[in-house]
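One structure is given here, and the rest of the page talks about it.
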Amino acid sequence: MEFTNLAKVAAIGLVCILTFRQLYTALLLVRKRQVICREKGVLPAPWYPFWDRLFGIDLLIKNTKVRKEHRVLEQQFTRFREMNANTFRLVLLGRHIHYTIEAENLKHILALEFKKWSVGSRRILGLAPLLGQGIFTSDGTDWQHSRQMLRPNFTRTQVADLGIFERHVADLISAVPHDGSMVDLSELFFRLTMDTATEHLFGESTESLTKSTGEGFAEAFCRSQDHVVKASRWRGVGLEKLIKLLPPDGQFERDRKFVHNFVDSYVDKALAKSRQLKESDSENSDRYIFIDELVRQTTDRVRIRSEALNVLLAGRDTTASLLTNLWFTLSNRPDIWAKLQAEIAHFQLHGGAPSFEELKEMKYLRALLNESLRLYPVVPANGREAVEDTVLPMGGGPGGNAPIFVRKGEVVMWSVYAMHRRKDYYGEDAEDFNPERWLDDSQKGRKGIRPGWEYLPFNGGARICLGQQFALTEASYTTVRLCQAFDKIESRDTRPWTEMLTLMCVNLGGAKVALTRRSEE
């Protein structure tokens with residue numbers, strides 16, 4: 001009995017000691033944070049008005065409603081306008097989140113204090129079942145390794161090689177009706193970028209524009225993307241435990257297996273010649289193949305597949321979304337179409353394929369792409385999780401000019417869509433599609449805008465998109481070749497641009513147009 005009582009006393013004492021230590025540690029942390037806030041002049045950001053400050057259930061209900069109505073981006077923009085603030089905070093299912101559209105904050109997160117931020121374990125866990133461990137689904141040293149592996153694959157030499165695009169763009173032009181009947185260019189753009197991306201990655205194209213051999217893969221890839229996006233969304237609001245209780249999605253499991261097997265077939269081909277590849281010089285190869293370059297660096301079959309899938313996602317979806325949004329605009333703006341045709345005529349290409357240098361000289365075309373990416377960014381929102389206590393330079397206090405404090409584990413989200421519509425950054429016509437804002441006008445003595453951190457269509461800092469120039473080159477080349485083939489365009493869709501959010505953002509209605517070939521004038 002005495003021994004039992006002593007054991008109870010010892011257990012109670014141990015619990016008291018551990019509790020005291022936790023309380024003491026917590027008090028020290030509170031004190032440390034108070035000192036930091038006082039020294040940095042920190043002030044809290046304003047709260048977005050909502051009634052459930054504990055869990056934010058009311059916000060979740062509102063967010064679910066606007067997502068079904070395809071108004072998520074519109075809602076984000078509206079919230080900043082309603083708040084008359086560029087930074088505010090809220091709680092979503094118990095998770096404290098700051099929302100910001102301050103360029104200076106993003107500069108700190110993405111560049112100056114990059115190591116203090118993570119893409120977040122929830123995002124990684126959400127996308128990893130499909131994409132594996134790759135450049136978009138890793139952090140820290142794993143991400144650095146992916147970056148080092150992939151960087152050589154996006155050199156200027158690879159980007160400037162337009163031959164990979166020409167055959168597939170010709171197939172695209174052939175697939176467009178010649179009689180002026182309606183076509184949804186968006187569907188063709190997604191096939192085009194699938195064909196060019198697979199040829200660039202694997203050395204063999206899916207040929208979906210002509211033979212439809214890649215349709216099964218494309219469909220499985222799209223469905224599985226949709227699944228992991230939804231899973232990531234629920235993880236992002238703290239419901240990952242609920243996800244584990246749900247039965248497996250049979251369709252997703254079949255799609256994932258199909259996608260992995262499809263890519264593995266190319267990985268196996270590359271690995272079969274790995275010794276030959278490692279002994280040869282890639283610069284002297286007759287043909288550049290992305291997966292061969294990966295095999296030169298590693299023989300990890302799963303790692304190669306994962307990196308290839310990560311790049312395939314970016315190479316296909318971002319460029320197709322950009323082209324869809326751009327051509328939707330072109331079909332509704334005859335003034336812009338006329339100026340673009342005039343620039344192409346000015347270079348006197350006469351139906352011949354443009355060179356990389358000629359594409360770079362097309363300033364109006366580049367302005368069009370810039371403006372499309374500004375008003376309709378293909379990655380319209382992003383976020384980071386603090387891996388340690390940190391301070392951001394703006395957003396606190398009545399005027400939003402004081403620093404704000406972000407605790408370890410808290411999230412900062414930003415809306416590229418809303419930031420790109422700030423009038424103090426882009427002028428009173430910030431909500432209008434105006435390519436001229438990017439161009440110098442010597443007659444009017446006007447300089448085109450040269451934005452910095454307030455323009456982030458391809459992210460910024462250490463994680464800036466490696467394939468940015470590849471995507472812009474493909475979009476430019478495709479646009480020029482289509483304009484050379486067709487001299488008239490008419491919209492077949494009167495609806496305004498409406499968001500369709502997956503991992504990227506594209507017009508919900510696609511790009512439904514009627515085109516007239518030059519030969520039929």
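Annotations
- Looking across segment 28-82, the residues that are of a type in the set (S, T, N, Q), surrounded by 14 or more Cβ atoms within 10 Å (Cβ to Cβ) and either free of Cβ contacts under 8 Å to residues at least 40 places away in the same chain or more than 30 Å from residue 500 (Cβ to Cβ) (or both) come down to 63, 75.
- The C-beta contact set for segment 391-412 (first residue within 12 Å of residue 99 (Cα to Cα), second residue among the basic types (Lys, Arg) and surrounded by 16 or more Cβ atoms within 10 Å (Cβ to Cβ), distance under 7 angstrom, 6+ apart or interchain) comprises 411/95; 412/384.
- Residue list for segment 357-407, filter: within 17 Å of residue 110 (Cβ to Cβ) and assigned to a loop (DSSP other than H, G, I, E, B): 377, 379, 380, 387, 388
- Count of residues meeting criterion [in a loop (DSSP other than H, G, I, E, B), more than 22 Å from the chain's Cα centre (by Cα) and of a type outside the set (A, V, I, L, M, F, W, C)] in segment 53-78: 2
- All positions within segment 26-51 that are under 31 Å from the mean Cα position of the chain (by Cα), of a type outside the set (Phe, Trp, Tyr) and more than 17 Å from residue 393 (Cβ to Cβ): 49
- Any hit, segment 481-495, residues being buried (at least 17 other Cβ atoms within 10 Å of the Cβ) and within 30 Å of residue 309 (Cβ to Cβ): yes
- Taken over segment 104-121, the criterion of being within 18 Å of the chain's Cα centre (by Cα), in a helix (DSSP H, G or I) and crowded, with 21+ Cβ neighbours inside 10 Å is satisfied by 106, 109, 110.
- Residue within segment 486-493 that is part of a loop (DSSP other than H, G, I, E, B) and either out of contact with any strand residue (DSSP E or B) (no Cβ under 9 Å at 6 or more places or on another chain) or not β-branched (Val, Ile, Thr) (or both) present: yes
- A single entry from 321, 306, 331 fulfils the requirement of being farther than 30 Å from residue 124 by Cβ and part of a helix (DSSP H, G or I): 331.
- Check on residue 291, in a helix (DSSP H, G or I), at pLDDT below 95 and closer than 25 Å to residue 504 by Cβ: yes
- Qualifying residue in segment 164-180 (condition: assigned to a helix (DSSP H, G or I), within 24 Å of the chain's Cα centre (by Cα), at pLDDT below 90 and of a type in the set (A, V, I, L, M, F, W, C)): yes
- Index of the failed condition, residue 138 passing every other in (1) farther than 30 Å from residue 359 by Cβ; (2) out of contact with any Ser or Thr (no Cβ under 7 Å at 6 or more places or on another chain); (3) surrounded by 17 or more Cβ atoms within 10 Å (Cβ to Cβ); (4) at pLDDT below 95: (2)
- Scope segment 438-478; condition assigned to a loop (DSSP other than H, G, I, E, B), within 18 Å of residue 416 (Cα to Cα) and among the aliphatic types (A, V, I, L, M); matching residues: 449, 456, 464
- Scanning segment 436-469 for residues that are of a type in the set (Asp, Glu) and free of Cβ contacts under 8 Å to residues at least 40 places away in the same chain, we see that the one that is surrounded by the fewest Cβ atoms within 10 Å (Cβ to Cβ) is 441.
- Hey, residue 411 over 30 Å from residue 339 (Cα atoms) and touching a Ser or Thr at 6+ places or on another chain (Cβ under 8 Å) or not: no
The values are calculated or read from the model by the stated rules, or taken from the named source; none is laboratory data. The structure presented is a predicted model; accordingly, all values stated were derived computationally and were not measured. In this analysis, Cβ positions are derived from the backbone assuming ideal geometry, glycine residues included, and neighbour counts consider all displayed protein chains.
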